[in-house]
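The values are calculated or read from the model by the stated rules, or taken from the named source; none is laboratory data. Treat the numbers as computed from the prediction; the structure is a model and nothing was measured. Ideal geometry is used to build each Cβ from the backbone, glycine not excepted, and the neighbour counts take in all protein chains shown. These area figures cover heavy atoms from the full protein model, side chains too; ligands, DNA and RNA do not enter into them. Shrake-Rupley method; radii C 1.70, N 1.55, O 1.52, S 1.80 Å.
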Amino acid sequence: MYFYQLALLTSPLSPLTYHFKSLLKEGSVVDVELQKRTMRAVVLSTSQEPDFQTSEIVGVSEFSYSEKQRELASFISRYYFCSLGEALGLMVPFLVDSLQAEACVTDRLSCNTDFSPSHENQTSQASKIILSQKQNHAFEFLKTHKVSLLFGDTGSGKTEIYMSYFEEMIREGKRSIFLMPEISLTPQMSHRLQEHFGDKVVMWHSKLTPLQKKKALKSIHDGSAYIVAGPRSALFLPLKDLGLIVVDEEHDDSYKSSSRPRYNARDLAIYMGKLYGVNVVLGSATPSLGSYTKFPHTRLKGGHFVSKKQFIYEPSVESLSPLILNHLGQTLTSKEQSILFIPTRANFKYLICGDCGYTFECAFCSVGMSVHQRAHALKCHYCNYTQAIPQVCPECHSKNLTSARLGTAEAVENLKEIFPDARIEQFDRDVITTQSKLKKALERFNKAEIDLLVGTQMLSKGHDYHGVTLAVVLGMDNMLNMSDYRAREKALSSLIQVAGRSGRAKDAKVLVQTFNKEFFDAYKDNYELFLEDEKLYREGLYPPYKRLCRILFSHKNGAKVQEQMHRMQERLQASSDVEVVGFGKCSVERVANKYRFEILLRSDKSTSLIAAVNSCREPLAEIDMDPIEFG
Ligand code: ADP
Ligand code: ZN
Ligand code: ZN
């Protein structure tokens, strides 16, 4: 009889011991019973016969996790505080046969199987990519660095460079992962990749039908897929002979998972690059300060196509002002298209002076404070500092303080009343709920069957609206004033991304409603300058110079979670190399009948944070390493 340590897939439980009549390989996927339920589990290791009764493994599957997948899972479970079973549960295992094949690929001479593709007719179906000199220069840079940043303006030709790199990998018989935010996996992008790479590219995302998923997995398992493109889950497929990982729009928040395991796919891509010994390319027009400071970059400026953009600023709180209506009206009259961008409704409201634009910052954290109507207070999401809602603006003494916001649905309704003949549509998560709705809306917009699209972030990513001559941008000040150390980065990059979407073919106007013209105008064409200035602001306080860790407690029994939070906070406060920035009730005090408490930690090193948390972790503590959400 053999005994095994097993990780139960997707279960938060620690590994358990089971037995089986024959010898099983590490990584094998098996079936076990736990409390009368059959579950999938992974063999971690053999073990001694324990001094308690064990159950038998009831089935052995044809799947197995590779050694590297297990190593990655082990890192995820340590760094992001989840079980091994939860970490392995992110990944798709190999078919046992193909794993053996993988082992023999590394030793090609002793293996007769030919894994190199037949590339004779590879480019026959697509036109060849000829990179410009600038693009070639950037491409060479990426090839000669383990991890590098392709810092290229929207439309500067980054995707063409990635595609050239994928081509090169195919010629070498290697596979590539192409990560992008879910939202950028548009019909346009799929079409572009498929047109060029045919069946060698596989799209992998959450909206695949069971049949599409089966087909995708088949071509991954049989090795005919050379490029896997998709959002963060595309990182975890059983690819043989990995050669390259590309993370497009590397600054995008959607790479961070907001539920356990709370991993960041961009950061894991970099870890995997080391683990697999392959190059990692991070691409963005507006790179995160972290990537910009940590990795060497190559800069691509200007669009591949040249068009002019005129920026107009209007100092006003968020509203459909006469100026905006006037510009929209003109564009409609001349039968041209517009987009109206309203950033995703933050969960929080921010107080702003309607006359001078003054906003309220935490005295300790240099971030905006949000309005908590019920408590009649302004609150900082980091240190929990709270103050009464002021009655007058400390700057201009106006009583016109407001936190009103405009939603996309409301904007569409108002605009339809004002422009009854215009074809106006809403473009956000509430309306565009499926891939096919997205496809149809974009098709109609590109065929000029829609005059004005009103949307959120969904509008700002991945699409190319060549006919648009007016982009109206609302809500920038609300973004800028968020209780978030990345508020400036988020606001500026959103503006640049939206502006980059419009007027790709024709000249265009960008109308920005903001009291912070100096900020946006100084940096909109010079993101490097912004990043350099941002360094000074973040130094000593925020990532990438400090590491943050947020500990969440949530339970129906408010007294119980509060007690656990306090016990942990007291012990953390005694620790010398981590700092307790703040603790107490979360800004959102209750969700689904559960009371929420939190602790925010800061340290120079993530290892210090991990050690400190492990030394005093309470059962209800949910750990969020490198958090990006506060509230
Ligand atoms: P990015 O990914 O940086 O936004 P793209 O790669 O999408 O930029 O390029 C923008 C536009 O320019 C696309 O329409 C693309 O087809 C075109 N383009 C970019 N590079 C080339 C090239 N070398 N040859 C021809 N067209 C190109
Ligand atoms: Zn004022
Ligand atoms: Zn604060």
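Among all positions in region 187-199, there is no residue which is modelled with pLDDT of 95 or more and within 30 Å of residue 487 (Cα to Cα). Of the set (1) in contact with a His (Cβ under 8 Å, 6 or more places away or on another chain); (2) free of Cβ contacts under 8 Å to residues at least 12 places away in the same chain, all apply to residue 442 but (2). Residues satisfying the criterion are present in region 78-96 (criterion: assigned to a strand (DSSP E or B) and outside the structural domain of residue 235 (by TED's automatic domain parsing)).
Checking each residue in region 569-607 for being touching a residue at least 60 places away in the same chain (Cβ under 8 Å), more than 16 Å from ligand 3 (Cβ to nearest atom) and either of a type outside the set (Gly, Ala, Ser) or not in a helix (DSSP H, G or I) (or both) picks out only 588.
The set of residues in region 319-348 being part of a loop (DSSP other than H, G, I, E, B) and either within 16 Å of ligand 3 (Cβ to nearest atom) or modelled with pLDDT of 90 or more (or both) consists of 319, 320, 321, 334, 335, 336, 342, 348.
From the list 81, 75, 52, the lone residue that is out of contact with any His (no Cβ under 7 Å at 6 or more places or on another chain), exposed (fewer than 13 other Cβ atoms within 10 Å of the Cβ) and aromatic (Phe, Trp, Tyr) is 52. If the condition is being of a type in the set (S, T, N, Q) and either open to solvent by less than 40 Å² (accessible area, probe 1.4 Å) or outside the structural domain of residue 68 (by TED's automatic domain parsing) (or both), then region 6-31 contributes 11, 17, 28. Could you tell me which residue of region 349-380 is surrounded by the fewest Cβ atoms within 10 Å (Cβ to Cβ), considering only residues that are modelled with pLDDT of 90 or more and away from ligand 3 (no atom under 16 Å from the Cβ)? The extreme case among them is 356.
Across region 359-384, the qualifying residues are those that are touching a strand residue (DSSP E or B) at 6+ places or on another chain (Cβ under 7 Å) and part of a loop (DSSP other than H, G, I, E, B), and the one among them that is nearest to ligand 1 (Cβ to nearest atom) is 367.
Residues in region 129-176 that are in a loop (DSSP other than H, G, I, E, B) and in contact (Cβ under 8 Å) with a residue 60 or more places away in the chain: 12 in all. Of all residues in region 551-568, which are of a type in the set (S, T, N, Q) and either in a strand (DSSP E or B) or open to solvent by 30 Å² or more (accessible area, probe 1.4 Å) (or both)? Result: 554, 557, 562. Residue 34 meets the stated requirement of being over 29 Å from the mean Cα position of the chain (by Cα) and either farther than 30 Å from residue 241 by Cβ or open to solvent by 10 Å² or more (accessible area, probe 1.4 Å) (or both). Inspection of region 255-264 finds no residue satisfying the criterion of being assigned to a helix (DSSP H, G or I) and open to solvent by 10 Å² or more (accessible area, probe 1.4 Å).
Here the strands (runs of 3 or more DSSP E) wholly within region 390-505 that include at least 2 residues being open to solvent by less than 10 Å² (accessible area, probe 1.4 Å) and within 20 Å of residue 155 (Cα to Cα) are 468-473.
Whenever a residue of region 248-269 is of a type in the set (Phe, Trp, Tyr), its partners that are not in a loop (DSSP other than H, G, I, E, B), lying with C-beta atoms within less than 6 angstrom and at least six residues away or across chains, give the pairs 255/232; 255/264; 255/265; 255/266; 263/76. The single condition among (1) of a type in the set (Phe, Trp, Tyr); (2) out of contact with any Asp or Glu (no Cβ under 7 Å at 6 or more places or on another chain); (3) open to solvent by 30 Å² or more (accessible area, probe 1.4 Å) that residue 515 does not satisfy is (2).
Checking 325, 320, 300 one by one, the residue that is within 16 Å of ligand 1 (Cβ to nearest atom), aliphatic (A, V, I, L, M) and touching a helix residue (DSSP H, G or I) at 6+ places or on another chain (Cβ under 8 Å) is 300 and no other. When region 609-618 is filtered for residues that are without any contact (Cβ under 8 Å) to a residue 40 or more places away in the chain and either in contact with a helix residue (DSSP H, G or I) (Cβ under 8 Å, 6 or more places away or on another chain) or surrounded by 14 or more Cβ atoms within 10 Å (Cβ to Cβ) (or both), only 611 remains.
When the strands (runs of 3 or more DSSP E) confined to region 1-57 are screened for residues that are closer than 18 Å to residue 76 by Cβ, those reaching at least 3 such residues are found at 2-8, 37-47.
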